[in-house]
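Working notes, beginning with the structure itself.
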Amino acid sequence: IIDQNLSTQSDIYIHDGIIYKKGESKGSFSLSGYCPCNICGTGTGITASGKVARANHTISADTKVLPMGTVIILENAVGKDGQVYDGVYVVEDRGGGVKNNHIDIFRPTHDLASAVTHFGGLHGDVYIAEKYAVATLSNIY
């Protein structure tokens, strides 16, 4: 039975129609941003997994630490500009500069990607996301 009041539970996240709960903590990760431009990548927006990168969804990670396809919950990731990066993301890419406990967050423009990187020292707490249920109106309100 799904809790009828999931919207008030702090360890529950909804992403792409799926309800996730926080699982195993992977610790604190440093964060940076990238976009589909030629400076940040290939200029195509196509990830190493073959998927089109999506803002608020796609991240690049060291696949020895977070394998391709891993769904994570990112918390306590607030930039010095006040931008909050908390949420559910999927490892769909990898990059040469992304090693160990480092995540590169896909942003739709170079300015937004640079904002993550240029505020420096940005870290967030990473948890493995565990699928809890499929979101329906009856179980989220």
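Exactly one residue out of VAL90, VAL84 is out of contact with any Gly (no Cβ under 6 Å at 6 or more places or on another chain) and modelled with pLDDT under 95, and it is VAL84.
Just wondering, is there one or more residues in segment 35-49 that are out of contact with any Cys (no Cβ under 7 Å at 6 or more places or on another chain) and more than 20 Å from THR109 (Cβ to Cβ)?
If we filter segment 35-49 for residues that are out of contact with any Cys (no Cβ under 7 Å at 6 or more places or on another chain), which is where we start, we get 35-42, 44-49.
Okay, now just the ones that are also more than 20 Å from THR109 (Cβ to Cβ), so 48-49.
Looking through segment 35-49, at least one residue is out of contact with any Cys (no Cβ under 7 Å at 6 or more places or on another chain) and more than 20 Å from THR109 (Cβ to Cβ).
Where strands (runs of 3 or more DSSP E) fall entirely within segment 1-114, those with at least 3 residues that are open to solvent by less than 20 Å² (accessible area, probe 1.4 Å) are at 18-34, 58-61, 71-75, 87-93, 102-106.
The values are calculated or read from the model by the stated rules, or taken from the named source; none is laboratory data. As the structure is a computational prediction, the values presented were derived from the model and not from experiment. Cβ atoms come from the backbone with ideal geometry, glycine included; neighbour counts cover every protein chain shown. SASA here: full protein model, heavy atoms, side chains in, ligands and nucleic acids out. Shrake-Rupley method; radii C 1.70, N 1.55, O 1.52, S 1.80 Å.
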